[in-house]
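Engineer: Pasting a structure below so you can have a look.
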Amino acid sequence: MNLKEKIKDLTIEQKVALLQGWTTWTSLELKDKEIPPMFMSDGPVGLRKQAGAGDHLGLNESVPATCFPTSATMANTWNVELGVELGRALGKEAAANDVHVVLGPGLNIKRSPLCGRNFEYFSEDPYLAGKMAAAYIKGIQENGVAACPKHFAVNSQELRRMSMDSVVDERTMREIYLTGFEIAVKEGRAKSIMSAYNMVNGTYANENTHLLSDILRGEWGFDGYVVTDWGADNNHTDGVKAGCNLVMPAPGPDCAIGLLDDFKAGKIDEATIDKRVEELLRVVYDTKEVVDKAEKSFDVEAHHSVALRCAEESIVLLDNDGILPLTDGDSVAIIGDFAKVPRYQGAGSSQVNPSKPLVSLYDSLANRLNISGYSKGFDRKNPHPVDKLIAEAVDVAKNAEKVLLCVGLDEILESEGMDRLHMELSKSQQKLIAEVCAVNKNVVLVLSGGAPFVMPDRSLYRAAIHGYLGGQAGAEAMANAILGKINPSGKLNESWPHKLEDNPSYPYFPSKERNAEYREGLYVGYRYYDTLGKPVRYPFGHGISYTDFDYSDLTVEGNDVSFTITNTGKVDGAEVAQVYVSCKNGNAYRAKKELKGFAKVFIKAGESKKVTVSLDDKAFRYYNVEKDAWEIEDADYEIIVAASVSDVRLNETVHIDGIKSNAKAPACYYSADIANVSDEDFKSILGREIPDGRWGGELTENDAFCQLYYAKSGLGRLLYKILTSMKIKPRQKVPPILT
Ligand code: GLC
């Protein structure tokens, strides 16, 4: 179809009307112009298409769909081929339900363990996040359905997500917060992308020309359409000029009228509007053609088995003194409500209505183990210990040979729309763990949850195995791992600090009033802990197996890093080998090492495999802000092959004839001592004044209630006092300014 001719045939009113949603989930249909509607649905965990009337909150149940493991869980597989398989199944289910765009994957960087949507994001590392996202996108788009990576960009907290401003230096933004999206767009060839709610350096992401035009379309060659997050539109004309194609959900006629008025007032030209319409219609027609012809049903069992394999490969064996795997004859007590009512997905827009009835861990083990007793142990809706439940659990544990203690983050603690205030497990679970471990020395912790939490003392238990949020097949997968039917091969997508205060963003997260100040710069996750040498409970990339692997024979030839892995144990297993690059003598400040490649290989007991990981154009680069360009420094680089960021197995140093750099920065960014970055030092990498995080007193429609504190009108301040003096304890701390 010749889109330019099609667009010539449209009136300006029709063009403007096309650039906004028509219902909660669809774009505009212009029947007389043969322009069909495009149906968009969440999400990264599985299809969430509402059966009846659409409502953004998801009050109407969605159609049954395969509930896959969440993205955080899938990232623990480190298996991009499996990510493609998940995407393929998800795309098929979308097409079967006449959905043209899947609103996912989500790949924002896990700056803090507290972000409420970490379960829905892949990693603290942009390379792992980007590779997994590109895999999902390739799979989804194989069926002609469009994927929509999100939320572009620097959206790493939920607090005030619609009004906060991410204040971040260009180098950190490029290297940490955009590189995942760069990989997703360039390698995944995403046909759409969702802009984030928040501002980035003072301009809403959806109106940010630097993000949407300079970088996304200009540098990365993105030729799809940009859609707002639902309700994120601020100034539609600015959005269209910056590169946004579609405001969702249906914002009502004022939005289009406003754009038309601005067109008539000469604030935006028709060529720009035509370009946005063309970018949108290209995807409308591409997706319609394929989706219309797609099979209108999907193989529930086949997709469930994909979900099972994903869940099995994502399970991380954190600690094990040999008590696992259990054998069929073991006598075991099972304690913890999660054993009968699984935690298998997160809350919010990603929530899926599973295609099959959930099977619990208890039921999955029932006829495969001698279960000597069960106790709920805690009430997941009550953060405080229930003595009766604990006493019952202690009684069950006292008389048991071994205990599977099923604990982790409950539904109240992690959800879209809010961030956690701490990393602790609920008080009820903490007391349960202490009392059960006091009476039984053979405890295995079976963990659930989409983000790190403070672990019990290692001496209390014999093994810890983590399923994260494993989707509808998660419990079945966990049972297979506990019984050794599968050998766990998952590795952590994120660092697990001993305590929240150790996290590099702790002093600055979530935000000082309006501003989220990224003062820690590129020291996110292991880039901080590993560089500073700060101990963590579990390092990035950690995960053990029921067997052992030996690494040998490293060679580096050009971009190819080759080595041999030998399974030295008695059971078959899969190993995730990680390749890090460490610049030894460059001028630019850097993290001690950065992930630049990985491979997952299945090796039979006693056998060896040669592995080759090819380094790509991102392996040695850093962003030179003075030149506003990516550069490779002339320096020596250590190529490291490791089983986790802290478990280095092989290394070799190479020299790269790059560009001599005279880069300089405040000392704290060379030493990674970023727990207390001064205004002076932060300003130095920002390259401008630090915007005032407090509200300037001019309250606008984008401000949050808590800013009424600054209202000029007495009535506004009175309203603030009434709202904050209410008995309900506010989810968030009151603005620091008030403490
Ligand atoms: C939500 C989420 C986004 C989702 C969209 C549609 O607010 O931020 O991830 O795709 O709205 O449900």
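The values are calculated or read from the model by the stated rules, or taken from the named source; none is laboratory data. On a predicted model such as this, the values are computed, not experimentally measured, just so you know. Counting neighbours? That spans all protein chains shown, and the Cβs are built from the backbone with ideal geometry, glycine included. With ligands, DNA and RNA removed, areas are computed over all heavy atoms of the protein, side chains included. Shrake-Rupley method; radii C 1.70, N 1.55, O 1.52, S 1.80 Å.
Engineer: What distance in nm separates the simple spin-label points at Lys721 and Asn382, each placed 7 Å from Cα in the Cβ direction?
Structural biologist: It is 3.8 nm.
Engineer: For region 231-294 and region 104-157, what is the separation of their Cα centres, given in Å?
Structural biologist: Going from one Cα centre to the other spans 24 Å.
Engineer: For Ser646, Ser671, Ser355, give the ranking by accessible area with the largest first, probe 1.4 Å.
Structural biologist: Numbers: Ser646 80, Ser671 55, Ser355 30 Å².
Largest accessible area first, the residues go Ser646, Ser671, Ser355.
Engineer: Moving on. I need the calculated FRET efficiency for the pair Lys8 and Asp299, taking r as the beta carbon distance and R₀ as 41 Å, to the nearest 0.05. Walk me through the numbers before you get to the answer.
Structural biologist: Numbers: r = 44 Å, r/R0 = 1.07.
Efficiency at R0 = 41 Å is approximately 0.40.
Engineer: What are the ³J(HN,Hα) couplings of region 120-130, residue after residue, when phi is run through the Karplus curve with 6.51, -1.76, 1.60 and θ = phi - 60°? Round to Hz, x for glycine and proline.
Structural biologist: With coefficients 6.51, -1.76 and 1.60, one gets 9, 10, 7, 7, 7, 10, x, 6, 5, 4, x Hz.
Engineer: Go through region 149-162 residue by residue and turn each phi into a ³J(HN,Hα) via Karplus (6.51, -1.76, 1.60, θ = phi - 60°); whole Hz please, and just put x for glycine and proline.
Structural biologist: Per-residue couplings from phi come out as x, 7, 10, 7, 8, 6, 10, 10, 8, 9, 4, 6, 4, 8 Hz.
Engineer: Here is a further query. Of Asp548, Asp636, which has the most accessible area and how do the rest follow, probe 1.4 Å?
Structural biologist: Values: Asp548 100, Asp636 50 Å².
Result, largest first: Asp548, Asp636.
Engineer: Count the net charge of all other residues whose Cβ sits under 11 Å from the Cβ of Asp9, scoring Lys and Arg as +1 and Asp and Glu as -1. Before the final figure, lay out each step's value.
Structural biologist: Working: positive: Lys4, Lys6, Lys8, Lys15, Lys33; negative: Glu5, Asp32, Glu34.
So the surrounding residues net to +2.
Engineer: Which whole-number percentage describes the relative contact order of region 547-663, with Cα contacts under 8 Å and a sequence gap of 6 or more? Before the final figure, lay out each step's value.
Structural biologist: Details: 276 pairs, mean separation 32.3, N = 117.
Relative contact order here is 28 percent.
Engineer: Still on this structure, I have one more. Cross-link list Lys186/Lys584; Lys110/Lys491; Lys92/Lys491; Lys8/Lys138: which exceed 21 angstrom alpha carbon to alpha carbon? Walk me through the numbers on the way to the answer.
Structural biologist: On the way: Lys186/Lys584 29 Å; Lys110/Lys491 16 Å; Lys92/Lys491 28 Å; Lys8/Lys138 33 Å.
Exceeds cut-off: Lys186/Lys584; Lys92/Lys491; Lys8/Lys138.
Engineer: Right, another one. Would you tally the net charge around Val613, using a Cβ to Cβ cut-off of less than 9 Å, leaving Val613 out, and scoring K and R as +1, D and E as -1?
Structural biologist: Values: positive: Lys596; negative: Asp560.
Counting the neighbours of Val613, the net charge comes to 0.
Engineer: For region 547-663, how big is Rg over Rh, using alpha carbon atoms and the Kirkwood form of Rh? Don't skip to the answer; put the middle values down first.
Structural biologist: Working: Rg = 16.0 Å, Rh = 15.1 Å.
That ratio is 1.06, to two decimals.
Engineer: Counting helices only, and only those DSSP H runs with n ≥ 4, report the 222 nm mean residue ellipticity of the chain as the sum of -39,500 (n - 2.57) divided by its residues, in deg cm²/dmol to the nearest 500.
Structural biologist: Numbers: 18 runs with 191 residues, N = 739.
Calculated mean residue ellipticity at 222 nm is -7500 deg cm²/dmol.
Engineer: Label region 300-517 by shape, choosing from rounded, prolate and oblate, from the square roots a ≥ b ≥ c of the eigenvalues of the Cα gyration tensor; if a/c is under 1.5 it is rounded, and otherwise prolate applies when a/b is larger than b/c, oblate when it is not. Could the numbers behind the result be given before it?
Structural biologist: Working: a/c = 1.66, a/b = 1.24, b/c = 1.34.
Oblate, because a/c is 1.5 or more while a/b does not exceed b/c.
Engineer: Rolling a 1.4 Å sphere over the protein heavy atoms, what is the accessible area per residue of region 12-158, to the nearest Å²?
Structural biologist: Per residue, region 12-158 has an accessible area of 22 Å².
Engineer: Run the quick spin-label model on Asp32 and Asn702: label points 7 Å from Cα toward the beta carbon, then report their separation in nm to one decimal.
Structural biologist: Label-label distance for Asp32 and Asn702, simple model: 3.7 nm.
Engineer: Cα axis of helix 387-398 to longest principal axis of the chain: angle in degrees, 0 to 90, nearest 10?
Structural biologist: Approximately 40 degrees, to the nearest 10.
Engineer: How large a share of the accessible area of the chain, in percent, is made up of carbon and sulfur atoms when the probe is 1.4 Å and the other protein chains stay in place? Intermediate results must be reported in sequence, preceding the final value.
Structural biologist: Working: 13820 of 26880 Å².
C and S atoms contribute 51 percent here.
Engineer: Next question, about the same structure. Probe of 1.4 angstrom, ligands and nucleic acids ignored: what's the accessible area per residue over region 547-663, in square angstrom?
Structural biologist: On the way: 5160 Å² over 117 residues.
Accessible surface, normalised per residue, equals 44 Å².
Engineer: For Glu411 and Glu689, FRET efficiency with R0 = 35 Å and r from the beta-carbon atoms, rounded to 0.05? Walk me through the numbers before you get to the answer.
Structural biologist: Values: r = 42 Å, r/R0 = 1.20.
Working from the Cβ atoms, E equals 0.25.
Engineer: Here's another thing I want to ask about it. What ranking, highest mean first, results for peptides 397-408, 709-720 when packing means the other Cβ atoms within 10 Å averaged over each residue? Before the final figure, lay out each step's value.
Structural biologist: Working: 397-408: 23.2, 709-720: 14.0.
By packing density, highest mean first, the sequence is 397-408, 709-720.
Engineer: From the Cα gyration tensor of the chain, with a ≥ b ≥ c the square roots of its eigenvalues, which class applies: rounded if a/c is under 1.5, or else prolate if a/b is larger than b/c, or else oblate? Let's see the in-between values first.
Structural biologist: Numbers: a/c = 1.40, a/b = 1.31, b/c = 1.07.
Taking the square roots of the gyration eigenvalues as a ≥ b ≥ c, the chain is rounded.
Engineer: Follow-up. Lys and Arg at +1, Asp and Glu at -1: add these up for the other residues within a Cβ distance under 13 Å of Ala366 and post the number.
Structural biologist: Local charge sum for Ala366: -1.
Engineer: Which angle between 0 and 90 degrees, to the nearest 10, do you get for helix 179-188 versus the longest principal axis of the chain when only C-alpha atoms count?
Structural biologist: 80 degrees
Engineer: Whenever you get a sec, line up Asp410, Asp98 from highest to lowest accessible area (probe 1.4 Å, protein heavy atoms).
Structural biologist: Numbers: Asp410 10, Asp98 70 Å².
Per-residue accessible area, sorted high to low, gives Asp98, Asp410.
Engineer: Additional query: Output needed for region 72-132: three equivalent-ellipsoid semi-axes, defined as square roots of 5 times the C-alpha gyration tensor eigenvalues, in descending order, whole Å. Intermediate results must be reported in sequence, preceding the final value.
Structural biologist: Details: eigenvalues 108, 39, 14 Å².
Ellipsoid semi-axes (Å, largest first): 23, 14, 8.
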